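Below: the structure, in C-alpha cells.
The values are calculated or read from the model by the stated rules, or taken from the named source; none is laboratory data. Owing to the predicted nature of the structure, the values given are computational and were not obtained by experimental measurement. When we count neighbours, we look across all protein chains shown, and the Cβ atoms used for this are built from the backbone with ideal geometry, even at glycine. Ligands, DNA and RNA are excluded from the accessible area calculation, which covers all protein heavy atoms including side chains. Shrake-Rupley method; radii C 1.70, N 1.55, O 1.52, S 1.80 Å.
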Amino acid sequence: MAVSTVYTTHSLNSSCSISSPTRTQLGSHQRQVVFYRSSSCRGRSSRGRSVSVITCSTDTVVIGLAADSGCGKSTFMRRLTSVFGGAAEPPKGGNPDSNTLISDMTTVICLDDYHSLDRYGRKEKGVTALDPRANNFDLMYEQVKALKEGKAVDKPIYNHVTGLLDPPELIQPPKILVIEGLHPMFDARVRELLDFSIYLDISNEVKFAWKIQRDMAERGHSLESIKASIEARKPDFDAFIDPQKQYADAVIEVLPTQLIPDDNEGKVLRVKLVMKEGVKHFSPVYLFDEGSTISWIPCGRKLTCSYPGIKFAYGPDSYFSHEVSVLEMDGQFDRLDELIYVESHLSNLSTKFYGEVTQQMLKHADFPGSNNGTGLFQTIVGLKIRDLYEQIVASKAAVPVEATKA
Ligand SMILES: Nc1ncnc2c1ncn2[C@@H]1O[C@H](COP(=O)(O)OP(=O)(O)OP(=O)(O)O)[C@@H](O)[C@H]1O
Ligand SMILES: O=C(CO)[C@H](O)[C@H](O)COP(=O)(O)O
C-alpha cells in the first residue's frame, strides 16, 4: 500500500489549523487533500489504522443580485438554484413569513431583512425602503462577513405581510450564499465580500408593464396606485439603487423591442447581457467569434420565428469605463426546443453537456421570460455562477500540496 504524506501550508481560516505533515495511509492512487473551514471543520483520527483525516469544505462563495422590487429577482433565483439541483425552500419549522430560501448548495437571503425601519417607522420618518437610512448596513456587513467565514448568524426577518421586524432566524453558512435585494452593492464593505455580482436593469416601460401584470392581476391593486407607487419610489431608485449597476460583473438589461416600430405593448423584449471583462473566474459568453462584432438573424430553416422575428447581436463595448462584452437578443422564441440551434452557436457557456441551456429552459418553460432573452440570459448567468463556484473551490483545494510515495 502506498503511504502518501500530505503537506499543506495554506489555511483559509485562522481558527482552523492542522499540524503538518499529516501522515495518511491511502490506496495506491488516492491522495488526501485537506481543506479548511471553521464551522464545518471536523477532525477525525482512527487510532491503530494510523489514518488521520480532516474534512473541511471551502469558505462560502457570496453572490450579490441587485434589482428594484418586482424586477424578476425571485424568478432569477429559481433558475439559479435549479442549476445547482434540488428545491429551494424556506427554513424548515421556522417563521412561515421568512424570506430565506435554502437548498443543498445555496442559501438565498433577502436584504429586505436588513430594513432598520419597519413599514410604520418609514411612514413616520417619510423615507422609502430604498433609502439607506431605512437599512442597517453595519449589520448586513457583519453578518455576510460572518457567513462568508463559515459562521452561523441570527439574521433579522422583515415580514412583508405585517410590515414589521420579526424575531431573527438562524442562518448556517452555505456553500453558496446569494444576497438579493435592493442594496447588495451599495455599501463598499458588503461589495468587497462579493465573489460575483449581478444587476437586473429593467427599463421603466417594462417595469411598469410587469408591475401592472403582477400587482393588478395577482394582488388586486389599482392602476392608479401602481403608478403612484412607481413615481414615489423613482427619486430614491435613481439615487440609491440604479447606481449600483456600475459595480456589477454582469448586468441583464431589459428594454422594449426595436423590432416593432413604436411598440408600446411591452410584450416583446430586447434583452442585453453585459459581461465585464477581466473578472476572476468568469469569462464572458460569445457568439460565433470571441471579440468580433456580430449581428445574427437565426430565423429560417432551423428556428421558427413568427412576427416580429428574432435578432441577436454580440460585440465588445464599454460600460461605466469598464471593458465589457455584450450579447443581445431581441424578440421571442416560438418553439423552445429549437433553442438548441441558438445554443450551438454560443460559446463559453460553462455547460456540462451539449444542450444544457436548452434543457434548463425547457424545464422551467412556465417561468416568466422563458420565451425571450430574460430567461435565456438568466439561465446562462446561473451556469456561469456554477462554473465560478467550482473554480473557486478548485483553486482553494489546489493549495501547495506535496505527495510522496513510500
Ligand atoms: N422575465 C420576465 N418576463 C415577464 N414578466 C416577468 C419576468 N420576470 C418577472 N416578471 C413579472 O414580474 C413579476 C415579479 O417577478 P419576481 O417576483 O421574480 O420579482 P422580484 O424582483 O422578486 O419581486 P419582489 O422584490 O417584489 O418580490 C412576476 O410576477 C412577473 O409578472
Ligand atoms: O422595495 C421593496 C423590496 O422588496 C419593498 O417595498 C420593501 O421591502 C418594503 O416592503 P413592504 O412594501 O412590504 O413594506
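Give the distance, in whole Å, between the Cα centre of the range 309-337 and the Cα centre of the range 354-402.
Result: 18 Å between the Cα centres.
Return the lysines within reach of Lys363: Cα separation strictly under 17 angstrom, same-chain partners fewer than 8 residues apart disregarded; answer none if there are no such residues.
Result set, ordered by chain and number: Lys352.
Tell me which trypsin sites (Lys or Arg not before Pro) from the range 279-313 have a DSSP coil assignment and no more than 14 other beta carbons within 10 Å of their own.
Counting only loop positions with at most 14 other Cβ atoms within 10 Å, the trypsin sites (Lys or Arg not before Pro) in the range 279-313 are Lys280, Arg301, Lys302.
For His221, list long-range residues whose amide hydrogen, built 1.01 Å from N in the peptide plane, is under 5 Å from its own amide hydrogen.
Answer set, sorted by chain and number: Met216.
Per-residue HN-Hα couplings for the range 327-343, Karplus 6.51 cos²θ - 1.76 cosθ + 1.60 at θ = phi - 60°, whole Hz, x for Gly and Pro?
10, 10, 10, 10, x, 9, 7, 7, 10, 5, 5, 7, 4, 3, 5, 5, 4
For the range 124-136, in order, what is each residue's ³J(HN,Hα) by Karplus, 6.51 cos²θ - 1.76 cosθ + 1.60 with θ = phi - 60°, in whole Hz (x at glycine and Pro)?
4, 8, x, 10, 8, 5, 7, 6, x, 5, 9, 10, 9
Carbon and sulfur together cover what percent of the accessible area of the range 270-406 at a 1.4 Å probe radius?
49 percent
Note down the relative contact order for the range 266-327 as a percent, whole number, built from C-alpha pairs under 8 angstrom at least six residues apart.
Reported as a whole number, the value is 40 percent.
Exactly which chymotrypsin sites (Phe, Trp or Tyr not before Pro) in the range 313-406 are in a DSSP loop and have at most 12 other Cβ atoms within 10 Å?
Listed in order of number, the matching sites are Phe353, Tyr354.
³J(HN,Hα) across the range 231-244 via Karplus (A = 6.51, B = -1.76, C = 1.60, θ = phi - 60°), whole Hz, x for Gly/Pro?
The phi angles translate into 4, 5, 7, 4, x, 6, 4, 5, 7, 10, 9, 3, x, 5 Hz.
Among the lysines, which have Cα under 17 Å from the Cα of Lys311 when same-chain residues fewer than 8 positions away are ignored?
Correct list for Lys311: Lys267, Lys272, Lys302.
What FRET efficiency comes out for the pair Asn204/Ser344, r = Cβ-Cβ distance, R0 = 41 Å, nearest 0.05?
Result of the calculation: an efficiency of 0.70.
What number of lysine-lysine pairs in the range 57-172 show an alpha-carbon separation below 28 angstrom, given a sequence spacing of 8 or more or placement on distinct chains?
Pairs that pass both the separation and distance tests number 14.
For the range 263-346, what does the accessible surface come to per residue with a 1.4 Å probe? Please give it in Å².
Averaged over the residues of the range 263-346, the accessible area is 51 Å².
Provide the per residue accessible area, probe 1.4 Å, for the range 167-212, rounded to a whole number of square angstrom.
Normalised by residue count, the accessible surface of the range 167-212 is 36 Å².
At a 1.4 Å probe, what is the % contribution of carbon and sulfur to the accessible area of the range 74-206?
After summing per-atom areas, the C and S share lands at 52 percent.
May I ask you to rank Met105, Met361 by accessible area, largest first, using a 1.4 Å probe over the protein chains only?
Of Met105, Met361, the descending order of accessible area is Met105, Met361.
Classify the range 134-284: rounded, prolate or oblate, from the alpha-carbon gyration tensor (a ≥ b ≥ c, eigenvalue square roots; a/c under 1.5 rounded; otherwise prolate if a/b is larger than b/c)?
oblate
Counting other Cβ atoms within 10 Å, which chymotrypsin sites (Phe, Trp or Tyr not before Pro) in the range 256-295 have at most 16 and lie in a DSSP loop?
Listed in order of number, the matching sites are Phe288.
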